[in-house]
Amino acid sequence: MKFHNTMVQTRYLSPLGPVTIAASNQGLAGLWFEGQRHLPIELTGPAVWAQAPEHPVLTQASQQLADYFAGRRLAFDLPLDLSYGTPFQQAVWEALRAIPLGKTLSYGAVSNQIGKPAAVRAVGAAIGRNPVSIIVPCHRVIGSQGMLTGYAGGLDRKTALLTLEGVFQESLL
């Protein structure tokens, strides 16, 4: 996935480690934990995106993340730009947005939801490439037997997010 070089970014210090938040002219286009898998090339080499901590979408995203981690926010209300994914990836990411806080779905259930029941592995790959972690809640997707599997930000973060949302009882934050 290649992003446009006019994107802007800022850093947010979450309880689970630093994240980079990025926005395009259309909305929030990225939220990545430091060191997570599938970081965009624009974040792994020389700086490409300008720092813009005062950008309205980035400011709003930072505030909503702070509210989420403090337990004051149940859903995010941000303009999103998911156009950097393929149509299939975008369909998967839109399905993830429908999973409510405190609930989980299996990869197979997401495949069924988008009308592609045989595409479980492709759905898993699209979930792994989700560019807007937390806000597009890929952490709410679990294995068919209820097992925690795959999370580009690490299973410890996935567990902590699900604990914060009440899926698990013991807090790791």
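Could you tell me which of Gln63, Gly102, Thr86 has its Cα farthest along the dipole of the chain towards the positive end, charges placed at Cβ (Lys, Arg +1; Asp, Glu -1), taken about the Cα centre?
Highest projection toward the positive end goes to Thr86.
May I ask you to sort Thr159, Thr44, Thr86 by Cβ crowding, counting other Cβ atoms within 10 Å and putting the fewest first? Please report the intermediate quantities before stating the final value.
On the way: Thr159 17, Thr44 8, Thr86 11.
Final ranking by Cβ density, sparse to dense: Thr44, Thr86, Thr159.
Given the rule -39500 (n - 2.57) for each run of at least 4 DSSP H residues, summed and divided by the residues of the chain, what is its mean residue ellipticity at 222 nm, to the nearest 500 deg cm²/dmol?
Working: 6 runs with 55 residues, N = 173.
When only DSSP H runs of four or more count, the value is -9000 deg cm²/dmol.
5 Å is the cut-off here: which amide hydrogens, built 1.01 Å from N in the peptide plane, fall below it relative to Val132, excluding neighbours closer than 5 in sequence?
It is Leu31, by chain and number.
What FRET efficiency comes out for the pair Leu101/Arg121, r = Cβ-Cβ distance, R0 = 30 Å, nearest 0.05? Please list the in-between numbers first.
Working: r = 27 Å, r/R0 = 0.89.
That pair, Leu101 with Arg121, gives E of 0.65.
Provide Arg157, Arg72 in ascending order of the number of other Cβ atoms located within 10 Å of each residue's Cβ, fewest first. Present the calculation step by step, with values, prior to reporting the outcome.
Working: Arg157 21, Arg72 9.
Fewest to most other Cβ atoms nearby, the residues stand as Arg72, Arg157.
How would His139, His4 line up from fewest to most surrounding beta-carbon atoms within 10 angstrom? If you can, show how the numbers build up before the last one.
Values: His139 28, His4 14.
Ordered by Cβ neighbours within 10 Å, fewest first: His4, His139.
Label the stretch 8-69 by shape, choosing from rounded, prolate and oblate, from the square roots a ≥ b ≥ c of the eigenvalues of the Cα gyration tensor; if a/c is under 1.5 it is rounded, and otherwise prolate applies when a/b is larger than b/c, oblate when it is not.
Working: a/c = 1.92, a/b = 1.14, b/c = 1.68.
Here the stretch 8-69 falls in the oblate category.
State whether the chain is rounded, prolate or oblate according to the following rule on the C-alpha gyration tensor (a ≥ b ≥ c being the square roots of its eigenvalues): a/c under 1.5 gives rounded; otherwise a/b larger than b/c gives prolate, and the remaining case gives oblate.
Numbers: a/c = 1.72, a/b = 1.24, b/c = 1.39.
Since a/c reaches 1.5 but b/c is at least a/b, the shape of the chain is classed as oblate.
No value in this document is a laboratory result; all are computed from the given coordinates. Keep in mind the model is a prediction, meaning the values are calculated, not measured. Counting neighbours? That spans all protein chains shown, and the Cβs are built from the backbone with ideal geometry, glycine included.
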